[in-house]
Structures are given as C-alpha cells and as structure tokens.
C-alpha cells in the first residue's frame, strides 16, 4: 500500500512539474514577442525577434485599409485644401459640382475608386476617357488644379483617388446635398480599363432591368440604386442624351409615351430636332475626332439642354428629381424607369415625400460607392500627375 501511495505521489509531482514547465515556456514565448526588435544578449533570440518584428510589419502593410483622417499627420490640411479649391472653382465655373459628382461615379463603377478614369492614353495604356460613355465627361482639368494645390502643400502624399472622392463630397454639399464622411487612404491605379468602361458603364437609355443588373453586380440593392440616381438632381442634361424620347422612341417615330405631354412640348421647344445630336449618333462617335476628349477647352459644344436644378443651385437636391419622376417628367429614360418597378417606385415616392430620408440614404450610398474596390498599400501608387503613371 505504501508503495502504491508513493507511486501515485510521484506521478502527481511529475504532472505538476510538466505543467509548470509548459507555463514557463508559454511565458517565455510571450516575452519573446513582447520584446521583439529590442536588443538582447542572446544572438539566437535576436534573430527570432527580428523575424517576428518583420512578419508583424509585413502583416500591417498587407491589411492597411481606409480610415478617417488618414492624412492627419502626413498632410493635415488635405481635406481643407480640397474643400477650398472646389469652392473657388465653383465661383468661376457653374458646372463644377455636377462634373465632379459624375466623375466619381464613372471612376468607381469601373474596377473601383482608383482614379483610373484620370489616366490619359499612353504607350501601354488604353484610356477609359476614350470609351463612348466617357466622351462627355468633364472635370479632368478641375482635378488637375486641385492636385496642384495639394502638391504645393504636401508633395507626393495625397492620392488622386482620394482627391476624386473628397471633391465629389464637396460637390454634393455645393449642390445642396448632405455631408457624409469619406474614408481616405486610397491608392491610384497604374492601369486603365477601356473595355470595361465601354461595356459596363450604365447608359441613359437603359431600362430598369439593365440598371438593376449593372448596379447589383457592384453590390447595390434597389433602394441604393434609386438614391444614387438622385445625383441627377444637379447639372444640365443635354438634349443629345434624351432626344430619342422626344421624336423617335425605340424606332417608333413617336415620342416616349411615359413623358408628360406638356413636358414633352417644353423639351421639344428647347431641343430642336435638327440641331440636337441623337443618342445613337453619340454612342457611335469615334474617339479619333479632331476635338480631343481629354482637352475640355477644345471639346465639342454640348448643345442645348435642361438644367436639373432650375430653381437655383443648392435648392431641393433630390426632392424635385423624384417629384418630377412621379409626374412623368424624368429627362432620362433610365430615370423615368425607376417608376416602373414595384420596389423602386416605392422608394421614388418615399424620397419625393421626405427629403431628409433621401439625403440620409444618398449619403450612405455615396459612402458605399466611394469605398468600392479601393486600392490600399501596398497596392497602387500616389501619382504625382493624375493623368499619368509615375
């Protein structure tokens, strides 16, 4: 019996010793990582510490993501500079806000918010600017000016992609829309995506099913689609984008029956049939035109059009747009189609009745759009000139 007790006690003590040894090893392991990178006498420990530190640093680079006040230390006045630049430009040119707002849509919709839309053609780059949906885009020179202001204060720090996203937010405010927070830390693409821009950007002539499919592939639901299209509340929509609805809708030689009759007559009086460029001709326009689409000062005159915020800039952002749709007074076919679907029509009515609801939803949708497929370190770069890769 004594032997059995002694054996049991010996086994117990061995278990205790093993447990204490494991705890000590774990403690040493924790101490090792806590002291990673610090100078110690054991050379082997230094090698392990250095390896651990390097792996931790690499991990931090890989998972770098967007955040608030990304430039708080590197360029603390970045957002204020962009805000001031946009406001100053708006005083000089009335179309600054809609141009910048449209620019962020066309950038983010094609492979994410990476400033790929800004790249000019080069030996190894087929520019998105040459795609038919982008031939009427403006605002490239505005981004150049803002970038120049930023570079003067913080050279090589603020990406063009962040400038596009932040400038769009400021343009929404100028148009009477809501303030919404913009995360920063985007990097710029070294590629442009001409084929994707040509085939996947939504068209003013799209029916509801195509619109839902296009935005749905980017993760937007019908509520978000209706709110995002509220961006058409500002700017001028030129006749060439909707003239087919006035005279020859879908090849019928008749107007679009969804247009209110009185509104149809008003639009016809503005858009002379012989002078306006049809959307079909627009879509077939070659990028080899003598007027360069990359030089806005030499671009073709857009011709007559209808100003969306005709009650004055900064008034009724969203409200007038949705109420117009309910009265059959949507300018673009893609807009008027929002009243066709059961769910989309529900949100059109909701936003027409409640501006605060729309502005809140629009802000959330713009945040989601601005964060779509962004590039962060170590991917991409910070371009010194937004029109070309470093």
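At a glance:
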{"quantity": "Members of region 325-335 found to be crowded, with 21+ Cβ neighbours inside 10 Å and assigned to a helix (DSSP H, G or I), listed by number", "calculated": "325, 333, 334, 335"}
{"quantity": "Which listed residue, of 168, 161, is part of a helix (DSSP H, G or I), closer than 22 Å to residue 71 by Cβ, in contact with a strand residue (DSSP E or B) (Cβ under 6 Å, 6 or more places away or on another chain) and modelled with pLDDT of 95 or more", "calculated": "161"}
{"quantity": "Which numbered condition residue 302 misses (of (1) surrounded by fewer than 20 Cβ atoms within 10 Å (Cβ to Cβ); (2) in contact with a helix residue (DSSP H, G or I) (Cβ under 9 Å, 6 or more places away or on another chain); (3) at pLDDT 85 or above)", "calculated": "(3)"}
{"quantity": "Per-region count, region 236-258, residues closer than 24 Å to residue 174 by Cα and crowded, with 24+ Cβ neighbours inside 10 Å", "calculated": "0"}
{"quantity": "Subset of region 159-195 [farther than 20 Å from residue 368 by Cα and under 16 Å from the mean Cα position of the chain (by Cα)]", "calculated": "192, 193"}
{"quantity": "Residues that are under 17 Å from residue 388 (Cα atoms) and surrounded by fewer than 22 Cβ atoms within 10 Å (Cβ to Cβ), drawn from region 105-140", "calculated": "120, 121, 122, 123, 124, 125, 126, 130, 140"}
{"quantity": "Lone qualifier among 345, 353, 365 - being crowded, with 16+ Cβ neighbours inside 10 Å, free of Cβ contacts under 8 Å to residues at least 60 places away in the same chain and out of contact with any strand residue (DSSP E or B) (no Cβ under 8 Å at 6 or more places or on another chain)", "calculated": "345"}
{"quantity": "Subset of region 368-388 (residues that are surrounded by fewer than 18 Cβ atoms within 10 Å (Cβ to Cβ) and either free of Cβ contacts under 8 Å to residues at least 12 places away in the same chain or within 23 Å of residue 319 (Cβ to Cβ) (or both))", "calculated": "368"}
{"quantity": "Matching residues, region 84-104, being within 18 Å of residue 148 (Cβ to Cβ) and surrounded by fewer than 17 Cβ atoms within 10 Å (Cβ to Cβ)", "calculated": "84, 87, 88, 91, 92, 93"}
{"quantity": "Options 91, 151; residue that is assigned to a helix (DSSP H, G or I), out of contact with any strand residue (DSSP E or B) (no Cβ under 8 Å at 6 or more places or on another chain) and modelled with pLDDT under 95", "calculated": "91"}
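Residue-by-condition table, conditions (1) crowded, with 18+ Cβ neighbours inside 10 Å; (2) on the phi > 0 side of the Ramachandran plot; (3) part of a loop (DSSP other than H, G, I, E, B):
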residue: 182; (1), (2), (3): yes, no, yes
residue: 191; (1), (2), (3): no, no, yes
residue: 198; (1), (2), (3): no, no, no
residue: 202; (1), (2), (3): yes, no, yes
residue: 209; (1), (2), (3): no, no, no
residue: 212; (1), (2), (3): yes, no, no
residue: 223; (1), (2), (3): no, no, no
residue: 228; (1), (2), (3): yes, no, no
residue: 231; (1), (2), (3): yes, no, no
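The values are calculated or read from the model by the stated rules, or taken from the named source; none is laboratory data. Fair warning: this is a prediction, and the values are worked out from it, not measured in the lab. Neighbour counts are summed over all protein chains in view; Cβ atoms, including those assigned to glycine, are modelled from backbone coordinates with ideal geometry.
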